[in-house]
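Note sheet for the following structure.
Read-outs throughout are calculated quantities, based only on the coordinates presented, and are distinct from any laboratory measurement. This is a predicted model, so every value here is computed, not measured. For neighbour counting, all protein chains shown are included, and Cβ atoms are generated from backbone atoms with ideal geometry for every residue, glycine included.
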Amino acid sequence: MVSLLTSIFPGVVVAVVIAFVSVLLGQALPLVGSSVLALAIGLALNLILKDTQDKLAPGLRFSSRTILRLAIILLGSSLSVAEIYEVGRYSVLVMVFTLSAAFGFGYLFGYLLNVNWKMSTLISAGTGICGGSAIMALSPVIEAEASDVTYSIAATFIFDVAMIILFPIAGRWLGLSDLAFGLWTGTAVNDTSSVVAAGYAYSEVAGAFATIVKLTRTLSIIPIVLAFSVLGVAKKGKAQEGEASEFNRWAHLRSITPWFIFWFVAFAALNSLGFIPEAVGQVFKVTSRFFMTMALGAIGLSTDMDKLAQAGWAPMFLGFIVSAIVVVVSLAVQYGLGQI
């Protein structure tokens, strides 16, 4: 335990400092917001602190994963189950269209651009579900190569950074309500941290809505991985190999289930039932925002710039095409349903 704390301490301290600076700057630049600023500062420091990356890596990893999940759990204490249900209900139909578009057009353009099916599938999963988390969850199921994973993460991440900046601008230009923007961001932006950053850059309410939608969307990773698992088992052909593979894939499915989402709902339920005092809920809410800012700073600082630079043009172009299609489809479905 002591060795673990010692290893994560430097990276966590740096993430805390980035968060404090970002919060202070965010008060002066409310249109940008502390979340976007934290990511930008992290990316800038990435170029300066390259020699200390190995020392900071454990703490940055802890901040970008564990702290982010804790932030989302605490956010639940400021929401009600009714709000989660209402926003989740609106988002399901939109997600059906965006997921279908991501995988359908991902396969089509992947074929046209001569990108192998494993990489195009990972890019589709990253764009349609939840960025790097979906890619990492699906990669062992389809037996993807390490290069496929690296290129796919690079292809989805780079457009996430652009979306954090462009989405709030586009949302204001389109005159979207907080609910509409939260639904658009939650279904069209890839990674959870990027959804949080873009949502809260628009407004406090939009940020909460976007997070709920993103968590609902993240749960789709389970049926998607299960579907590819079943296809993979069927493809094996031999009964004995199929049984062994099925066992391993079920174990993997259990391991990638995002359990923190259920804690998020549990906190919302406690809040709905009045078990969380208003003052405590407010503290949790502020802490949640600070933890999210910490996580974004850590993500920026731990981004592997070399991997981004090494990615070829084809997967990058495929990532751009699929991302653009999902953005348009999400907005079009909302217009079609009369939600905008």
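Summing Lys and Arg as +1 and Asp and Glu as -1 over all other residues whose Cβ lies under 12 Å from the Cβ of Thr187 gives a net charge of +2. Once backbone amide H atoms are built at 1.01 Å from N, Asn116 has no partners under 5 Å, excluding neighbours fewer than 5 places away on the same chain.
With both labels modelled 7 Å from their Cα along Cα-to-Cβ, the Arg172 to Leu5 distance reads 4.4 nm. Under a no-solvent Debye model with one identical scatterer per Cα of segment 172-233, what's log10 I(q)/I(0) at q = 0.11, 0.14, 0.16, 0.25 Å⁻¹? Computed log10 I(q)/I(0) values: -0.29, -0.42, -0.51, -0.89. The shape of segment 31-94 can be summarised by an equivalent ellipsoid whose semi-axes, obtained from the alpha carbon gyration tensor, come to 33, 15, 11 Å from longest to shortest.
Backbone geometry of segment 325-336 corresponds, through the Karplus equation with coefficients 6.51, -1.76 and 1.60 at θ = phi - 60°, to 3J(HN,Hα) couplings of 5, 5, 4, 5, 4, 4, 5, 5, 5, 4, 5, x Hz, x marking Gly and Pro. Taken along the Cα-to-beta-carbon direction at a fixed 7 Å, the label points for Val13 and Ala28 span 2.5 nm. Counting 0.36 nm for each residue step from Leu337 to Leu112 and taking away their Cα separation leaves a gain of 77.8 nm. Cα centroid distance between segment 102-178 and segment 258-295, in Å? If you average the Cα positions of each part, the centres end up 29 Å apart. Once the Cα-Cα distance is subtracted from the 0.36 nm per residue extended length, the Val205 to Leu270 segment shows a gain of 21.4 nm.
Any idea what % of Cα-Cα pairs in segment 1-136 are farther than 23 Å?
Distances greater than 23 Å cover 58 percent of the Cα pairs.
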